[in-house]
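All remarks here apply to the structure that follows.
The values are calculated or read from the model by the stated rules, or taken from the named source; none is laboratory data. Note that the structure is predicted; figures quoted are calculated from it, not measured. Counting neighbours? That spans all protein chains shown, and the Cβs are built from the backbone with ideal geometry, glycine included.
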Amino acid sequence: MSSFESLGLAPALLKALAAEGYTTPTPIQEQAIEPALAGRDVQGIAQTGTGKTAAFALPILQRLAAQRKPTVRGGCRVLVLAPTRELASQIAESFRVYGKFIGVRVITMFGGVPKGKQARAIAGGVDVLVATPGRLIDHMQDRTVRLDTTEVLVLDEADHMLDLGFIIPIRRIVATIPASRQTMFFSATMPKEIASLAQTMLRDPVHVAVAPAATTAERVDQHVIFVEGAAKRVILFDLLAEVATGRTLVFTKTKHGADKVVKYLEENGMPAAAIHGNKSQPQRERALHQFRTGELRVLIATDIAARGIDVDGVSHVINFDLPNVPESYVHRIGRTARAGATGVAISFCSGEERPFLKGIEKLTRQRVPVMTAPGRIAKAA
């Protein structure tokens, strides 16, 4: 087992890692940090919860510290592209934490925050800009951002960028960055479109990979409850009331569906909050904070909003609606099996969702055991 020291990290970074209680690199960090420090392009297959943010942030911070130089007005030395606001915020915070003894200027750019404020933040130039593609394109059109002096580009959760229709904006952004840059590209899965995007962006990359989709599913105790739509809310309430669930993340297909679930739970005396694209940034941050601190035990989320939720100690994931993309199921249930821990995932499956369940079982190469519904529904049956 290697240590962070043996990977060649600078004392200031080792000090920051020690202050956070990190002593041993995760497999993705072990594989990616050394080639990244050497300036190589990196292509990584890794899911959230594997420590990939540090795998790219640490070598980048070391480079910034070793090669101090002034930033150009409106420019950034490092650009990190992320699919959602939550993930962008989380990445920026990681750069600040790991770089606290180096002194780096990190800002974010995403929707839901006034553009003027962001334009002022980058006006003098920054070391690291973490952005969502849509908002970055807006700033490029306004000429408040320039990328012609960017030295390092990171694309995180590329497969999710594809789901959100960001591939064309990404190609547009990449075209304005010098070809001499260092590029790091991370994705949990590698569909054809993502492999072709990686090929156009990377030069002779080092390939690193950890925990393919199926292995994450193996660490989670999975169950399915067959139930028709109208009874789902009753079963959810009974599950949360009767089963010894700790911090529980509930996934719905739509934003409207998430709000309806929260309303039902609260009307029945169970505090809950929703996090999705229609919520303002302060609302999302408040809900996440309450969930992290344990003030709220139940958080309802849509797939897109949940991509940036990095919360340890989630004991249960409940799929109120099954996703129609099997990989999304693996992402969801992985929220409860972080850093080698185990967890429980319970999925509700209606008649029309049965094909989705088949697709999930095919991807994970395992049958999901059927569970009896708790409480009122079971008694009625």
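Observations on the model:
- Failed item, numbered, when Leu202 is tested on (1) touching a strand residue (DSSP E or B) at 6+ places or on another chain (Cβ under 8 Å); (2) modelled with pLDDT under 95: (2)
- Residues that are over 18 Å from the mean Cα position of the chain (by Cα), without any contact (Cβ under 8 Å) to a residue 60 or more places away in the chain and more than 30 Å from Thr23 (Cβ to Cβ) occur in the stretch 152-169; there is at least one.
- When the stretch 22-63 is filtered for residues that are closer than 28 Å to Asp312 by Cβ, of a type in the set (A, V, I, L, M, F, W, C) and out of contact with any Leu (no Cβ under 7 Å at 6 or more places or on another chain), the ones remaining, listed by number, are Ile28, Ala32, Ala36, Leu37, Val42, Ile45, Ala46, Ala54, Ala55, Phe56, Ala57, Ile60.
- Among the residues making up the stretch 308-336, those that are over 14 Å from the mean Cα position of the chain (by Cα) and at pLDDT below 85 are Gly313, Asn324, Val325, Pro326.
- Yes/no for Lys69 being exposed (fewer than 14 other Cβ atoms within 10 Å of the Cβ) and of a type in the set (Lys, Arg): yes
- Residues of the stretch 109-143 satisfying the condition of being touching a Leu at 6+ places or on another chain (Cβ under 8 Å), more than 20 Å from Arg68 (Cα to Cα) and not hydrophobic (A, V, I, L, M, F, W, C): Thr132, Pro133
- Scanning the stretch 352-381 for residues that are in contact with an Asp or Glu (Cβ under 8 Å, 6 or more places away or on another chain), modelled with pLDDT of 90 or more and farther than 17 Å from Pro326 by Cα yields a total of 0.
- Exactly one residue out of Asp238, Asp303, Asp221 is more than 20 Å from the chain's Cα centre (by Cα) and under 30 Å from Gln29 (Cα atoms): that is Asp221.
- Among the residues of the stretch 104-114, the ones that are among the small types (Gly, Ala, Ser) and not in a loop (DSSP other than H, G, I, E, B) come to 0 in all.
- Within the option set Arg40, Arg77, being outside any loop (DSSP other than H, G, I, E, B), out of contact with any His (no Cβ under 6 Å at 6 or more places or on another chain) and within 22 Å of Ala158 (Cβ to Cβ) holds for one residue only, Arg77.
- Qualifying residue in the stretch 85-103 (condition: in a loop (DSSP other than H, G, I, E, B), in contact (Cβ under 8 Å) with a residue 60 or more places away in the chain, aliphatic (A, V, I, L, M) and more than 21 Å from Asp138 (Cβ to Cβ)): yes
- Entry remark, the stretch 253-272: residues being touching a strand residue (DSSP E or B) at 6+ places or on another chain (Cβ under 6 Å) and surrounded by 17 or more Cβ atoms within 10 Å (Cβ to Cβ) number 4 in total.
- Remark: pairs (first residue in the stretch 210-230, among the small types (Gly, Ala, Ser); second residue at pLDDT 85 or above and loosely packed, with under 15 Cβ neighbours inside 10 Å; Cβ separation under 7 Å; 6+ apart in sequence or on different chains) = Ala217/Gln366.
- Selected residue (criterion: farthest from Ile300 (Cα to Cα)) from residues of the stretch 257-273 that are of a type in the set (Gly, Ala, Ser) and in a loop (DSSP other than H, G, I, E, B): Gly269
- For beta carbons closer than 8 Å, sequence separation of 6+ or different chains, a first residue in the stretch 45-61 that is within 23 Å of Ala195 (Cβ to Cβ) and modelled with pLDDT of 80 or more and a second that is part of a helix (DSSP H, G or I) and hydroxyl-bearing (Ser, Thr, Tyr), the qualifying pairs are Thr53/Ser94.
- Criterion violated by Ala188 - all others in (1) assigned by TED's automatic domain parsing to the domain that holds Val325; (2) touching a residue at least 60 places away in the same chain (Cβ under 8 Å); (3) within 28 Å of Gln290 (Cβ to Cβ) satisfied: (1)
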